[in-house]
Amino acid sequence: MRFVLTACAALLASASPALAAEPVAATDPARLAAAKQTVDYVFPLGTYGRIMNGTMDKMMDSIMDSMMQMPLKDLAGISGVDTEKLGSGTMAQIMEIYDPAFKQRMSATTRTMMTDMMGLMTQFEPDIRDGLASAYAGRFDAKQLQEMNAFFATPTGKAYAADSYIIMMSPEVMNRMQALMPRLMKEMPAIIDKVKASTADLPAPRKYADLKSAEKDKLAGLLGISRKELDEGEAKKAAE
């Protein structure tokens, strides 16, 4: 369940347009107005609805299928677990034993989450459009924006602009990106080793027992619990 929610959030983030904005945009109303016109073409209201109605569902199903067909050995290797003694069974084969309805359960979970998340993203869409307009105004000057808008006003330009973000989420693109997943999983243990090496000179994270009393009090306050509750919870975790 947590994986599905995380994957949904990651996909939404990847579906969100990102451009570096420069402060000059805020001081040039004409440039910002042209950029808003550009955004009306490339990211009109309702874009998130179009992305999530069908496109996102299929993409999540595809990602889940790909993950489930991977050997457990490859998945476990990501977390640095010793995989030498693990068999070649896949997550799909394992879940057939634990939960025969796993695929249907994940599919229903994904669609339920997508429905609620679509409503939330639609509420944020006007703010996303404002931010995108500022980003376009910061990245492109008035002449460039006018030239883009002139193209987007043509039938071909309008057709391109309407799908310019959605096309990156198309099955044709995602299928090729998905093909990278098995290679990424195989390379991940080596990447993790390099990460460990890059942080080897840093001091190890402290355990709760290493903290000073004032630090424990501060931590309890940040967590919104009493010091006693924190002490008891940490003692229980240490015993486990």
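Of the conditions (1) loosely packed, with under 14 Cβ neighbours inside 10 Å; (2) under 12 Å from Val42 (Cβ atoms); (3) of a type in the set (D, E, K, R), Arg129 satisfies every one except a single condition; which number is it?
(1)
Tell me which residues, restricted to the range 70-90, are modelled with pLDDT of 80 or more and not small (Gly, Ala, Ser).
At the first step, the residues of the range 70-90 found to be modelled with pLDDT of 80 or more are 89-90.
Thr90, the sole residue that qualifies.
Would you mind stating whether Thr154 is among the hydroxyl-bearing types (Ser, Thr, Tyr), open to solvent by less than 80 Å² (accessible area, probe 1.4 Å), farther than 30 Å from Asp28 by Cα and at pLDDT 80 or above?
Spelling it out, it is not the case that Thr154 is among the hydroxyl-bearing types (Ser, Thr, Tyr), open to solvent by less than 80 Å² (accessible area, probe 1.4 Å), farther than 30 Å from Asp28 by Cα and at pLDDT 80 or above.
Tell me which residues, restricted to the range 187-225, are β-branched (Val, Ile, Thr) and touching a residue at least 12 places away in the same chain (Cβ under 8 Å).
Result: Ile192, single match.
Specify the residue that is least open to solvent (accessible area, probe 1.4 Å); the eligible residues are those in the range 186-203 that are assigned to a helix (DSSP H, G or I) and at pLDDT 90 or above.
That would be Ala197.
Could you list all residues from the range 209-225 that are surrounded by 10 or more Cβ atoms within 10 Å (Cβ to Cβ) and not in a loop (DSSP other than H, G, I, E, B)?
Glu215, Lys216, Asp217, Lys218, Leu219, Ala220, Gly221, Leu223
When Lys228 is evaluated against the numbered criteria (1) of a type in the set (D, E, K, R); (2) touching a residue at least 24 places away in the same chain (Cβ under 8 Å); (3) open to solvent by 80 Å² or more (accessible area, probe 1.4 Å), which criterion, by number, is the only one it fails?
Result: Lys228 passes all but (2).
Among the listed residues Ser107, Ser164, Ser134, identify the single one that is modelled with pLDDT under 85 and either over 27 Å from Ser62 (Cα atoms) or open to solvent by less than 60 Å² (accessible area, probe 1.4 Å) (or both).
The conditions single out Ser107.
For the range 10-22, state whether one or more residues are at pLDDT 70 or above and of a type outside the set (A, V, I, L, M). Break it down into steps so the answer makes sense when it comes.
Step one: filter the range 10-22 for residues at pLDDT 70 or above, giving none.
No: the range 10-22 contains no residue that is at pLDDT 70 or above and of a type outside the set (A, V, I, L, M).
Go over the candidates Arg183, Arg206, Arg176 one by one and state the one that is basic (Lys, Arg), surrounded by fewer than 12 Cβ atoms within 10 Å (Cβ to Cβ) and not in a helix (DSSP H, G or I).
Arg206 is the lone residue from the list that is basic (Lys, Arg), surrounded by fewer than 12 Cβ atoms within 10 Å (Cβ to Cβ) and not in a helix (DSSP H, G or I).
The values are calculated or read from the model by the stated rules, or taken from the named source; none is laboratory data. These figures come from a predicted structure and were not determined experimentally. Cβ atoms come from the backbone with ideal geometry, glycine included; neighbour counts cover every protein chain shown. With ligands, DNA and RNA removed, areas are computed over all heavy atoms of the protein, side chains included. Shrake-Rupley method; radii C 1.70, N 1.55, O 1.52, S 1.80 Å.
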